1. (1) in contact with a strand residue (DSSP E or B) (Cβ under 6 Å, 6 or more places away or on another chain); (2) open to solvent by 20 Å² or more (accessible area, probe 1.4 Å); (3) not β-branched (V, I, T): which one isn't true of H143, the others all being true?
2. Identify, by number, the condition in (1) within 21 Å of S222 (Cβ to Cβ); (2) over 22 Å from the mean Cα position of the chain (by Cα); (3) outside any loop (DSSP other than H, G, I, E, B); (4) not hydroxyl-bearing (S, T, Y) that V140 doesn't meet.
3. For the stretch 46-75, which residues satisfy the criterion of being at pLDDT 95 or above, open to solvent by 20 Å² or more (accessible area, probe 1.4 Å) and among the small types (G, A, S)?
4. Only one residue in L158, L102, L153, L165 is among the hydrophobic types (A, V, I, L, M, F, W, C) and at pLDDT below 95, so which one is that?
5. So which residues in the stretch 35-60 are within 11 Å of the chain's Cα centre (by Cα) and within 25 Å of A290 (Cα to Cα), if there are any at all?
6. Any chance the stretch 224-245 includes a residue that's free of Cβ contacts under 8 Å to residues at least 40 places away in the same chain, acidic (D, E) and open to solvent by 50 Å² or more (accessible area, probe 1.4 Å)?
7. Which one of the conditions (1) without any contact (Cβ under 8 Å) to a residue 12 or more places away in the chain; (2) open to solvent by less than 20 Å² (accessible area, probe 1.4 Å); (3) hydroxyl-bearing (S, T, Y) does S98 fail to meet, given that it meets all the rest?
8. Looking at (1) touching a residue at least 60 places away in the same chain (Cβ under 8 Å); (2) crowded, with 16+ Cβ neighbours inside 10 Å, which one does E91 not meet, given that it meets all the others?
Amino acid sequence: MARAPEPVVLGPEETTESPALEVRGLTKHYTVGRWGRQRIVHALSDVDLTVERGEVLGLVGESGSGKTTLVRSVLMLDRPTSGTIQVRGQEPLPARPSASRLREHRRHVQMIFQDPYSSLDPLHTVRYSVGRPLRAFGIVPRHEQGAAIEQLLVQVGLVPARDFLRRYPYQLSGGQRQRVGVARALAARPSVLLADEPTSMLDVSIRLSIMNLLLDLRGSESLALVFVTHDLAGAYYMSDRIAIMYAGHLVEVGPAAEVMGNPRHPYTRLLREAAPDPEGDFGRDTRFEARGDPPDLTSLPAGCPFAPRCPFVRAECNAALPEWRDVGVAHRVRCVLAGGPDARQGV
C-alpha cells in the first residue's frame, strides 16, 4: 500500500510583513524554429512585481502581452530564463529547484486556469479532483479528507455538496466546473492564488458570480490574488492595484482608481477607450487611436515597445526603454511623456 505523503514543512519567514509574492527581473525567452533558423521569442522582459497579503492585483493586457507567461513562470509551469521569485519572504526559489522545494512552492502558489472544460480530468469525479491536493500535500489526515472536500465545495457555492461529489466534469455546467477548479486550488491552502482569465470562457450571466466568489475568498482566506484579464473594466471591479503589460513589459502600475481614472501610459489609455461605458455614449468619438499592429516578439524595438503604434512618439522613445517614473502615490509609468510639460496633452 502506498505511503501517505508527509505534510509540507513550511520554511521560516523573514518577517510577518513580507509580501505574499515578490518577483524581480523575471524574464522568459522561448526558442522557435529549427535547422539554423531559430529565433528567440521575448515573452517576458525584466518584470518586477510585488503582491501584498490580502491584495488583489489586476494584470491587464491584450493577447500576447505576456500575462499568462508571467503567472505560469511564477508557478514554475514554465521555467523562467532569469529572475527571482519569493513567496511569503522565504528564500528565493532556485533556478532549478529540487522536487521537495518545488512541491513546497506549489503548496503556497496555486492557479485557477482559464478553461474550466480542459482543466479537470474527465475520467475523475469531483471528489477525486478536489481531494487530490489534500492527499498530495498532506493537508489533513486521510480520515478527515471527506469532510474537508465537502467543506471546500460549500465554500465555493456548490451546495448541497454531496450532490456534486460523484459527478464527472461533463455533468457540470461551465460555472460549476470553474467553481470546482477554485475549490481544488483552495484545497492546498495557498498564500497566493493566480487566476488566469477565470471568467473569459463563461457565460456573461455567471461571470460576476465567479468574480464575487474570488473577492469573498480573498477576504475570508486572506489570499493574495493575481487576477489576469484583458478587460480593464473587469480589473477595476476586482483589483486594489492594476499592472498593465505590453509586449512582455510592465508599462504602468498603480492603484486601480488611478490607473482607470487617470491613465498615464498611451497603451493604458487605449485599453480604457476600448472598455464599454454603460452610462456613456457607445457611439462616442475616440480621439485616441493606436496605429499599426502589435510588435513581433522575436524582433522587439530597442526603445519603448509601444513606440511603433503610439501617436505621441518622440525620437527619444525609440532610443532606449524608458525608465520608471513616479506620477502619483504608488503610481508608476514607463513613458517619457509622464511628468513632462505636455504630459497631460500626450497621455
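The values are calculated or read from the model by the stated rules, or taken from the named source; none is laboratory data. Just so it is clear, the model here is predicted, and its values are computed rather than measured. Please note: Cβ atoms are built from the backbone with ideal geometry, for glycine as well, and neighbour counts cover all protein chains shown. In case anyone asks, the SASA skips ligands and DNA or RNA and just uses the protein heavy atoms, side chains included. Shrake-Rupley method; radii C 1.70, N 1.55, O 1.52, S 1.80 Å.
1. (1)
2. (3)
3. none
4. Answer to the selection: L102.
5. G58, L59, V60
6. No: zero hits.
7. (2)
8. It fails just one condition, (2).
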